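First the structure, in the form of structure tokens, and then the observations on it.
No value in this document is a laboratory result; all are computed from the given coordinates. Model, not experiment: these values are computed from the prediction. Methodologically, a virtual Cβ is constructed for each residue, glycine included, from the backbone with ideal geometry; neighbour enumeration extends over all protein chains shown.
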Amino acid sequence: MKKFERSHYAPEVIWHQEASTLTLEGEPVLKYSLSWPEVTGAGPGGCWISRYYARLAKSWRLRWRREMYWRACLSLAGQRAASRPFTPWSCRLAGEVALWQDDLLSLRLEGEEIRGDGKASRVRWGDVWKVKDGAPCPPGELFAQKRGWRRYVLNQIRAQGGARQAAGDLVLDPDWKVRVKRALPTHGLCLTEAGVEAAFPQCTIAPAAEGTPIFVIPRNNRPQPPEKTTDAAPRPAEI
């Protein structure tokens with residue numbers, strides 16, 4: 001029957017693209033590009049996920065076409081009054097599939113808004129879905145042990161942050177180890193082949209120039225048993 005034909009198609013993620021330039025009296029004021037996913041061939045769960053991202057795209061579009069556009073127009077007027085050149089503002093939302101493994105679909109998304117003076121606001125997060133249910137996967141289920149996963153993640157981030165800062169790879173705020181617990185993006189984790197990505201919001205644990213600091217946490221948080229050591233001489237092989 002025709003109503004079952006869709007089940008024969010392999011599930012996939014299709015990315016919709018939209019780009020626009022908003023003007024004032026013919027002069028470009030704000031440019032934006034918008035990308036959002038649609039999950040096809042995955043039944044009702046895929047439809048629910050797709051509707052969520054369609055609403056998300058709508059909210060970003062409205063923000064850019066209203067609040068950000070109005071602010072850009074005011075900036076243009078101010079630059080004109082001061083006889084200074086104006087640089088159009090730019091906004092972007094993009095994403096990609098980080099991992100699709102069995103029933104788990106992980107998406108990575110990045111948003112960026114750059115004003116005419118070059119100052120940028122950036123955000124990065126991940127969503128992990130149980131496709132069959134069309135529901136988010138609880139963060140604790142991304143690790144080998146559900147209990148104590150938050151403490152495990154915090155310890156991993158503090159250790160990685162300290163090592164990266166010592167190596168000059170990352171600049172963090174002086175009190176970042178205290179603030180990291182409050183800023184931990186538990187509902188924005190991204191599942192990848194390498195582990196679980198945690199991207200901190202801009203300016204929460206590091207200067208704005210660092211953007212969104214990213215840490216990759218191994219999924220296996222089970223304590224490893226200590227290696228057995230012995231001072232006894234090895235036994236000769238039996239013949």
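State to the nearest 20 debye the size of the charge dipole of the chain about its Cα centre, where the only charges are +1 on K and R beta carbons and -1 on D and E beta carbons. Don't skip to the answer; put the middle values down first.
Working: 36 positive and 26 negative charges, 172 e Å.
Here the size comes out at about 820 debye.
Angle between the Cα long axis of helix 69-81 and the longest principal axis of the chain, 0 to 90 degrees, nearest 10?
60
Find which of W129, G168, A144 sits farthest along the positive direction of the dipole of the chain, computed with +1 on the beta-carbon of Lys and Arg, -1 on that of Asp and Glu, about the Cα centre.
Positive-end residue among those listed: W129.
With springs only between Cα atoms under 10 Å, which of G43, G148, G26 fluctuates most in a Gaussian network model of the chain?
Result for the chain, Cα springs under 10 Å: G26 fluctuates most.
What is the helix-to-structure angle for 149-166, meaning the angle in degrees between its Cα long axis and the longest Cα principal axis of the chain, kept from 0 to 90 and rounded to the nearest 10?
Once rounded, one gets 80 degrees.
Using Kirkwood radius over Cα pairs in Å as the read-out, say which of (i) 21.2; (ii) 22.1; (iii) 19.2 was calculated from these coordinates.
Identified label for the calculated read-out: (i).
Once phi is turned into ³J(HN,Hα) by the Karplus curve 6.51 cos²θ - 1.76 cosθ + 1.60 with θ = phi - 60°, what whole-Hz value does each residue of region 204-212 show in order, with x for glycine and proline?
Computed from phi, the couplings for region 204-212 are 8, 10, 8, x, 4, 5, 7, x, 10 Hz.
If I take R0 = 22 Å and measure r between the Cβ atoms of Q101 and K146 in this structure, what FRET efficiency does the formula 1/(1 + (r/R0)^6) give, to the nearest 0.05?
Values: r = 18 Å, r/R0 = 0.83.
The computed FRET efficiency comes out at 0.75.
How large is the dipole of region 1-137 about the Cα centre if only Lys and Arg carry +1 and Asp and Glu carry -1, each at its Cβ, rounded to the nearest 20 debye?
Numbers: 22 positive and 16 negative charges, 93 e Å.
The dipole magnitude comes to about 440 debye.
Suppose R0 equals 35 Å. What FRET efficiency, 1/(1 + (r/R0)^6) with r the Cβ-Cβ distance, do E12 and K119 give to the nearest 0.05?
About 0.40, to the nearest 0.05.
Rounded to the nearest 10 degrees, what's the angle between the helix 43-63 long axis and the longest principal axis of the chain, both from Cα atoms, 0 to 90?
So the helix axis and the longest Cα principal axis differ by about 40 degrees.
Residue by residue through region 185-196, which ³J(HN,Hα) values in whole Hz follow from phi under the Karplus form 6.51 cos²θ - 1.76 cosθ + 1.60 (θ = phi - 60°), with glycine and proline marked x?
Using θ = phi - 60°, the values come out as x, 5, 9, x, 6, 10, 8, 9, 4, 7, x, 10 Hz.
Please work out how much length the chain gains when fully extended from R55 to D175, using 0.36 nm per residue of separation minus the C-alpha to C-alpha distance, in nm with one decimal. Don't jump to the answer; show the numbers that get you there.
On the way: separation 120, 0.36 × 120 = 43.20 nm, distance 3.69 nm.
The span from R55 to D175 would gain 39.5 nm if fully extended.
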